[in-house]
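Quick notes on the structure that follows.
The values are calculated or read from the model by the stated rules, or taken from the named source; none is laboratory data. Since we're looking at a predicted model, the values are computed, not measured. Glycine gets a Cβ as well: all are built from the backbone with ideal geometry, and neighbour counts include every protein chain shown.
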Amino acid sequence: MSDEEGSKILRHLDRHKSLYEIGGIVIAIGLSGWANIISSKALKSTAESLRKQELEFRIRNRPYVIFDGEPTFGDKTTYESFEFTSDNKNVDKYTFPKSINVQLQNVSEIPAQHVQCTIVAYLNDKQANKTNVVSISLIKGASKTITIGLWDEWYKAITDGSKELSINYTIIYSGMLGENPTEYQTSIKAVFDLKTNRIHYPEYHIK
């Protein structure tokens, strides 16, 4: 390269120095942003992996009672003993023409002991029916159907949309011998969706 050519290059660089500096900054920002994206993806992947490991650990070391599927409407059900609204006394036997049923299941190898469930149904946020499931045990693979009764007029109001149905399920249980009978809890809120004609869960907590 001649001195004249070198001088031309130097003058060119000097004249466009600011453009090259801006270009360098843009490239640096782009590389930094790309690195941040990669880092963010790695962090999300790590967090998801840790969440799965924690869930697997919990399932291996404690009972884990869940709902097997969504609650479904059923035919009549008879309570041997149940609590019915605040202005009615308990009765020994009562038959409801309609019902809502769901399957409880323990997905852990650890048996669930002293499993008790309280079910409270609300129509337009006002308590309509409450029942308590007597204490049971659940080993892995076994399931238990739990039911709450409905009057025909309640069912009609729910399915025609004139009233909103929500149900709170509170399940308490224990695992190993010596544990508090209320050591673990599954809390579920179920609501009826008129558009899909199904009952789904806006809230589902296990502790």
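At a glance:
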| item | result |
| --- | --- |
| Positions within region 108-143 being touching a helix residue (DSSP H, G or I) at 6+ places or on another chain (Cβ under 8 Å) and under 18 Å from Asn61 (Cβ atoms), in sequence order | Ser108, Glu109, Ile110 |
| Subset of region 178-195 that is part of a loop (DSSP other than H, G, I, E, B) and not hydroxyl-bearing (Ser, Thr, Tyr) - its residue that is farthest from Ile167 (Cα to Cα) | Gly178 |
| Residue in region 189-200 that is touching a Ser or Thr at 6+ places or on another chain (Cβ under 8 Å), touching a residue at least 60 places away in the same chain (Cβ under 8 Å) and more than 18 Å from Gly74 (Cβ to Cβ) present | no |
| Lone qualifier among Thr170, Thr131, Thr186 - being within 29 Å of Gln113 (Cβ to Cβ), at pLDDT below 90 and either surrounded by 13 or more Cβ atoms within 10 Å (Cβ to Cβ) or more than 20 Å from the chain's Cα centre (by Cα) (or both) | Thr131 |
| Boolean, Glu164 is farther than 29 Å from Gln113 by Cβ and in contact with a helix residue (DSSP H, G or I) (Cβ under 9 Å, 6 or more places away or on another chain) | yes |
